[in-house]
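The values are calculated or read from the model by the stated rules, or taken from the named source; none is laboratory data. Just so we're clear, the structure is a prediction, and the values are computed from it rather than from any experiment. Neighbour counts run over all protein chains shown; Cβ positions are idealised from the backbone, glycine included. Keep in mind that these areas ignore ligands, DNA and RNA; they rest on the heavy atoms of the full protein, side chains included. Shrake-Rupley method; radii C 1.70, N 1.55, O 1.52, S 1.80 Å.
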Amino acid sequence: MLFRSKNLSDLRAARKIPGVIYGGKLDAASVSVDEKELMDGLGREGHNAIIHLKHGKNEDTVILKDLQRHVVSGKPIHADFVRVDMKKKVDVEVPLHVEGEAPGVKLQGGILEHILRELSVRCLPGDIPQEIKVDVTKLEIGGHIHVKDLPVPEGVEVLSDPDGEVVHISIPRAEKEEKPDRKSTRLNSSHQI
């Protein structure tokens, strides 16, 4: 089913999100999903949730590949789903969640800089972590956590650069006081008084 402008307006008025399923050995398929159901499921299970999507007489096991949002309202306007085989590994991005309070920030006045927000991983669809926690409770000023330092669940292969920085605590830059230039300025005038 191809969506036309009128169909799209009707779908969105009914709080349905148009989408497409692709991948695997089957042809791409146009679908529409209930907005509330999808958003509630993603809220509970995370962006990489395994979804059993019924459409027409078919059902596909999918993960959400992309969710496009309206630029002003932020409402979802289109979803791309990719078929997954539960027995084959997939490459996905997993969010990194910073936990705790770093002594380098709380006690030493440093600034926590969150460099990497998602980790590229490969694993079976059933092993995709909802998030990976980044514990910063031992970080002092100058301290950092690299990708290789992260606690990754068994069965999950990290694809991101192991030496990539995830977070670090930096020293705040001292604000430079701007001193007014005390040199006097002499103006030349072509007018005589």
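When Ser9, Ser120 are compared by accessible surface with a 1.4 Å probe, the order from highest to lowest is Ser9, Ser120.
Solvent-accessible area per residue in the chain equals 71 Å², computed with a 1.4 angstrom probe and all protein chains kept.
In this structure, the amide hydrogen of Val31, modeled 1.01 Å from its nitrogen in the peptide plane, lies closer than 5 angstrom to those of Gly19, Val20, Ile21, counting only residues at least 5 positions away or on a different chain. Residues considered: Lys57, Lys133, Lys65. Largest GNM mean-square fluctuation over the chain, using C-alpha springs under 10 Å, is found at Lys57. Inter-label distance, Val98 to Arg44: 3.1 nm, where each label sits 7 Å from its Cα along the C-beta direction. Cross-link pairs exceeding 29 Å in C-alpha to C-alpha distance, out of Lys16/Lys87; Lys75/Lys106; Lys25/Lys75; Lys65/Lys148; Lys75/Lys148; Lys65/Lys87, comprise Lys16/Lys87; Lys75/Lys106; Lys25/Lys75; Lys75/Lys148. Based on Cα contacts under 8 Å between residues 6+ apart, the chain shows a relative contact order of 16 percent.
Could you give the angle, 0 to 90 degrees to the nearest 10, between helix 35-45's Cα long axis and the longest principal axis of the Cα atoms of the chain? For helix 35-45, the angle is close to 70 degrees. Our note on the geometry: Cα centres of segment 107-129 and segment 72-98, 16 Å apart. Computed over neighbours whose Cβ is under 10 Å from that of His52, the net charge equals -1, Lys and Arg +1, Asp and Glu -1. Spin-label model, His52/Tyr22: points 7 Å from Cα along the beta carbon direction are separated by 2.7 nm.
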